[in-house]
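Taken together, the values in this text are just the output of simple stated rules run on the coordinates, not laboratory data. The structure presented is a predicted model; accordingly, all values stated were derived computationally and were not measured. Cβ placement follows ideal geometry from the backbone for every residue including glycine, while neighbour counts extend to all protein chains displayed.
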Amino acid sequence: MIKKSANSGVLLLVGTTKGAFVFRSTGARTKWTMSGPYLRGEPVYAMAFDGRAGRQRMWAGTGNPFFGSSLRSSDDLGKTWSEKAEHAIKFPAESGLALKQIWQIRPGPAHRPDVMYCGVEPSALFESQDAGKTWTANAGLLGHEHRPKWTPGGGGQCLHTIVPLGDGRIGIAMSTGGFYRSDDGGKSWRARNVGVRAEFLPDKYPEFGQCVHKVVSHPSRPERMFLQNHWGLYRSDDWGETWHDIANGVPSDFGFAMAIHPHDPDTAYIVPLESDQFRCVPEAKLRVYRTRDAGKSWKALSRGLPQEGAFESVLRDGLDTDASDPAGVYFGTRSGKVFASRDEGATWEMVARSLPSVVCVKAAVMSPATSHATRKMATARRKKASAHRPVRRAR
Amino acid sequence: MPLVVAIPGPLQPYAGGRAMVELRERCDTVGDALEALGEQYPGVRDRVLTEQGDVRQHLNVFVDEDNVRFALGLATPVSPESRVTILPAVSGG
């Protein structure tokens, strides 16, 4: 049973193509205050919050087009960011590879509070055993025999999803390549894509080569995973050994974003898009779909979302849930809007309407300590703002 | 007279705040010069060269007026009188 977080406030990390924004609310989640842009001008495709071991650390992967990708962290909720002289994530010279972009930052399991993972382009997994100070490329995946046959998807040849499954098991997903799982702590990896189709290949069900867009699982039932594919919506109940179609009643099984409910392993959220040729929500109606029965059925959630002329799209890391009860659900669009639901998706409110293109949304419930720090910072900001300019509000 | 490397504004924090760095090491090529610069300032090196030692795609390196992409790349010769200039390219979005 997963412990429901005491809600002392929620932090919403929003990565955009022009920097990162942070939204804060109280536990009621009725009012949001925006700060940023941080890391101004840099594309931020990956963000994460690490609240383990007393830390309150925000992480961001920046993709400076001129000077390369950097991994940055902030221990004061975005006020200042680490700036190491040398890039933390670097391929070993003998690999022949060079980092293009950081696609995913994932704190490890709670019982291993110093373990962190990064997924990058070109496809590789980096691991840290010291809470992000130093990083090493996972050798098993770096030297994988399939590597020469992985080919870039539209976003590049990227490892974009990391799914810690417990007991030395870990899953990763990449575009293209598909889903791979290690059962020995990352020493060896095997493709697990049985049942996942590859529309764009002559062999529609190859061992690997699928364009998986996102995989999620719930820690209380890790053997169950949901997978949003480049065409195809699937569930596995056996650690990814086999996948079964669950596109029951969705307007399209194409899409990118997917999120798991924080307390219920049967509940997941997606945002279907019309097709790979027209990557906007079907019928120009912005709808999140939710299953509460592990994919047997899906329900459209649209109350508060634009239902006319909404040519919106949500990318693979643009949807997330918080650990509150009831759970919060959040997403950001390529057109720069951010929406929040504090009732598990039943109703929605717009939190921001004109950000740069949103590529990443991550939610975190703050501990009382963080909440205190946030209040302190907000007070300091208010004092400063009253002397110079009005406080910036999202709405 | 030592070879001079001009550092663009965004990289000056990684070069001790310097806009110009004088290299007193012997450098036969622009690659040698960037290596010598990187020894002093690894933060500059990481932002100019990839892990594989290639100039980053959206950066240009000039020897005097000549872009090394249209010369011999990192093998472009330099002399103690050369001025190496690192500049972000006209790109982005």
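The spacing between segment B:37-63 and segment A:97-129, judged by their C-alpha centroids, is 24 Å. Local charge for A:Ser95 was computed over the other residues whose Cβ lies under 12 Å away, with Lys and Arg +1 and Asp and Glu -1, and equals 0. A DSSP coil position with no more than 14 other Cβ atoms inside 10 Å describes the following GluC sites (Glu not before Pro) in segment A:239-288: A:Glu241.
Distant-in-sequence amide contacts of A:Gly41, defined by a placed amide H-H separation under 5 Å and a gap of 5 or more residues or a different chain, comprise A:Gly19. Each 5 Å bin from 0 upward holds the following percent of the Cα-Cα pairs of segment A:4-81: 3, 16, 25, 24, 16, 10, 4, 2, 0. Computed from backbone phi, the HN-Hα couplings of segment A:316-326 come to 4, 10, x, 9, 7, 10, 9, 9, 6, 9, x Hz, rounded to whole numbers (Karplus: 6.51 cos²θ - 1.76 cosθ + 1.60, θ = phi - 60°; Gly and Pro given as x).
Please work out whether chain B counts as rounded, prolate or oblate from its C-alpha gyration tensor, where a ≥ b ≥ c are the square roots of the eigenvalues and a/c under 1.5 means rounded, while otherwise a/b larger than b/c means prolate and anything else oblate?
Because its axes are fairly even, with a/c under 1.5, chain B counts as rounded.
Distance between the pseudo-spin-label points of A:Ser367 and A:Asp184 (7 Å out from Cα toward the beta carbon): 3.6 nm. Under 12 Å from the 7 Å Cα→Cβ point of B:Ala6, by amide nitrogen: which residues of segment B:68-83? Under cut-off, by backbone N: B:83. Between segment A:281-347 and segment A:224-264, the C-alpha centres lie 16 angstrom from each other. Residue by residue, segment A:256-265 carries 3J(HN,Hα) couplings of 10, 7, 7, 9, 9, 5, x, 10, 10, x Hz when phi is fed to the Karplus relation 6.51 cos²θ - 1.76 cosθ + 1.60 (θ = phi - 60°); x denotes Gly or Pro.
Near B:Tyr14: Cβ cut-off under 12 Å, other residues only, Lys/Arg at +1 and Asp/Glu at -1. The net charge is +1. DSSP finds beta bridges in segment B:3-88, and of those with both partners inside it, around 80 percent are antiparallel.
Would you please name the trypsin sites (Lys or Arg not before Pro) within segment A:1-84 that are DSSP coil residues with at most 10 other C-beta atoms within 10 Å of their C-beta? Passing both the DSSP loop test and the Cβ count: A:Lys3, A:Arg40. Distance between the modelled labels on A:Asp76 and B:Arg26, one decimal in nanometres: 4.9 nm (7 Å Cα→Cβ projection).
Near A:Lys299, the amide H atoms lying under 5 Å from its own belong to A:Arg290, A:Thr291; only residues 5 or more places off or on other chains count, and H is placed 1.01 Å from N.
Calculate the dipole size of segment B:3-88 relative to its Cα centre from +1 charges on Lys and Arg beta carbons and -1 charges on Asp and Glu beta carbons; express the result in debye to the nearest 20. Could you put the intermediate results ahead of the total?
Details: 8 positive and 13 negative charges, 55 e Å.
Approximately 260 debye in magnitude.
Give the range of the longest stretch in chain B that excludes all GluC sites (Glu not before Pro) found in loop regions by DSSP and having at most 10 other beta-carbon atoms within 10 Å.
Details: sites that count: B:Glu65, B:Glu81.
Here the longest segment lacking exposed loop sites spans B:1-64.
Please list, by residue number, every one of the GluC sites (Glu not before Pro) in segment A:84-146 that is coil in DSSP and has at most 15 other beta-carbon atoms within 10 Å.
On the way: sites: A:Glu86, A:Glu94, A:Glu127, A:Glu145; in loops: A:Glu86, A:Glu145.
Those satisfying the criteria are A:Glu86, A:Glu145.
Other residues with beta-carbon under 15 Å from the beta-carbon of B:Arg45 carry, at +1 per Lys or Arg and -1 per Asp or Glu, a net charge of -3. As a test of the formula, what do you get for the protein assembly as shown when each DSSP H run with n ≥ 4 contributes -39,500 (n - 2.57) and the sum is divided by the residue count, at 222 nm and rounded to the nearest 500 deg cm²/dmol? One gets -2500 deg cm²/dmol as the mean residue ellipticity at 222 nm.
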